[in-house]
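The values are calculated or read from the model by the stated rules, or taken from the named source; none is laboratory data. No experiment lies behind these values; they were computed from the predicted model shown. As a convention, Cβ positions derive from the backbone with ideal geometry for all residues, glycine included, and neighbour counts pool all protein chains shown. The protein model used for the area step is the full one, side chains on, heavy atoms only, and it has no ligands, DNA or RNA in it. Shrake-Rupley method; radii C 1.70, N 1.55, O 1.52, S 1.80 Å.
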Amino acid sequence: MKGALVGFGRVAETAHLPAFRAGPLFVIEAVVEADPARRHAAQSALPNARLYASLSQMLEAERGLDFADIATPPWLHAALARQCLEAGLHVLCEKPLALSEAELEALSCAAKSADKALLCVHNWKKAPLLAKLKELLDAGAVGAPRFVRWEVLRTKPAADAGGNWRADPGRAGGGIVMDHGWHAFYLLRWLLGKRPAGAAARLLPAAPREAEATVLADFGGVPAVVHLSWRAPERSHAGHFRGTRGSIEVCDAALIVRRGRQETRYIFPERLSQGSSHPEWFAALLPDFAAAIADPAARKEALEEAGDALRLVSLCYAKGKKPA
């Protein structure tokens, strides 16, 4: 299928483009990028692609494209995705898919009206360690889940090619809850196989510029404590899943399964906190995009997953409190 990259920042260059080049399902024929320097970078990386300064210019000029991959800063996602859907393109979009439930509802209606797929890039589900964790939980390795702790520590927001937009709530849609919280929420929904029922958060400083958050969420009766930080002394990723028959520890590059005195370790070559681009995870997501294009049921599940992540983010901001 033929498509366009909309936005050529860091994630498009280091994750999306290598994945598209490595796989047989999709080919990039056009790039939309407003910044002249980044447009030059796109021309160097894709010398045969047609380049445009705006999405409107591209949609007016191009015929025969099948999809758009949106990799701009978050505040542009919903408007650009809707424009592409209304032009008859399937859409793959970086997270967050939208910054408000009203935006997401409008996107959902546009996708249904156009009969096109709309898939958010939930690439962390493709991390080998997390895929193994899902396999163990589904197999009942520690029984029914009863409690979850999830922790993501970073020393600062991830770098980008767009003027440090993650530090600007107007472009990012918030602070670390919108950035890493979105990942945590769709992951826990998927890992536990339960839709979320509610959440509240303690934020420091107050939203929308929070650099640290502790969230208490409810996933179908399973309480989850999620801690996120952009000001930790080191990068790391950790978790704890306690079930009726044992527990699983997530230790960045290892899973440790404990049942009574029995302990089993699974070691992985890459830490979850290693880097931020993960082109191999994005590549593993592309078959899911193809499935959503082919199957309306897959489209529905993808939108529900993104909607649940957004609702938890919104609840964190609505019920978030700055610690005394």
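Got a sec? Which of 63, 38, 82 is in contact (Cβ under 8 Å) with a residue 60 or more places away in the chain, open to solvent by 30 Å² or more (accessible area, probe 1.4 Å) and either part of a strand (DSSP E or B) or more than 11 Å from residue 6 (Cβ to Cβ) (or both)?
Among 63, 38, 82, only 38 is in contact (Cβ under 8 Å) with a residue 60 or more places away in the chain, open to solvent by 30 Å² or more (accessible area, probe 1.4 Å) and either part of a strand (DSSP E or B) or more than 11 Å from residue 6 (Cβ to Cβ) (or both).
Name the one entry in 314, 273, 229 that is modelled with pLDDT of 95 or more, open to solvent by less than 30 Å² (accessible area, probe 1.4 Å) and closer than 24 Å to residue 215 by Cβ. If you could, list the steps in order and put the result at the bottom.
Numbers: 314 fails: open to solvent by less than 30 Å² (accessible area, probe 1.4 Å); 273 fails: modelled with pLDDT of 95 or more.
None of the other options fit; the residue is 229.
Name the residue, out of 314, 273, that is hydroxyl-bearing (Ser, Thr, Tyr), over 30 Å from residue 1 (Cα atoms), in a helix (DSSP H, G or I) and touching a Ser or Thr at 6+ places or on another chain (Cβ under 8 Å).
It is 314.
What is the one condition in (1) open to solvent by less than 50 Å² (accessible area, probe 1.4 Å); (2) modelled with pLDDT of 95 or more; (3) in contact with a Ser or Thr (Cβ under 9 Å, 6 or more places away or on another chain) that residue 173 does not satisfy?
It fails just one condition, (2).
Residue by residue through region 287-306, note down the ones that are in a helix (DSSP H, G or I), more than 20 Å from residue 178 (Cβ to Cβ), open to solvent by 10 Å² or more (accessible area, probe 1.4 Å) and not β-branched (Val, Ile, Thr).
Within region 287-306, 287, 288, 290, 291, 294, 296, 297, 298, 299, 300, 301 qualify.
In the list 278, 237, which residue meets the criterion of being at pLDDT below 95, under 18 Å from residue 187 (Cβ atoms) and surrounded by 20 or more Cβ atoms within 10 Å (Cβ to Cβ)?
Criteria check complete, one pass: 278.
Please find, within region 93-152, the residue that is nearest to residue 166 (Cα to Cα) out of those that are among the small types (Gly, Ala, Ser) and open to solvent by 50 Å² or more (accessible area, probe 1.4 Å).
Looking at the filtered set, the residue picked out is 102.
Considering only region 259-268, state which residues are at pLDDT 95 or above and open to solvent by 80 Å² or more (accessible area, probe 1.4 Å).
Hits for region 259-268 are 259, 262, 263, 265, 267.
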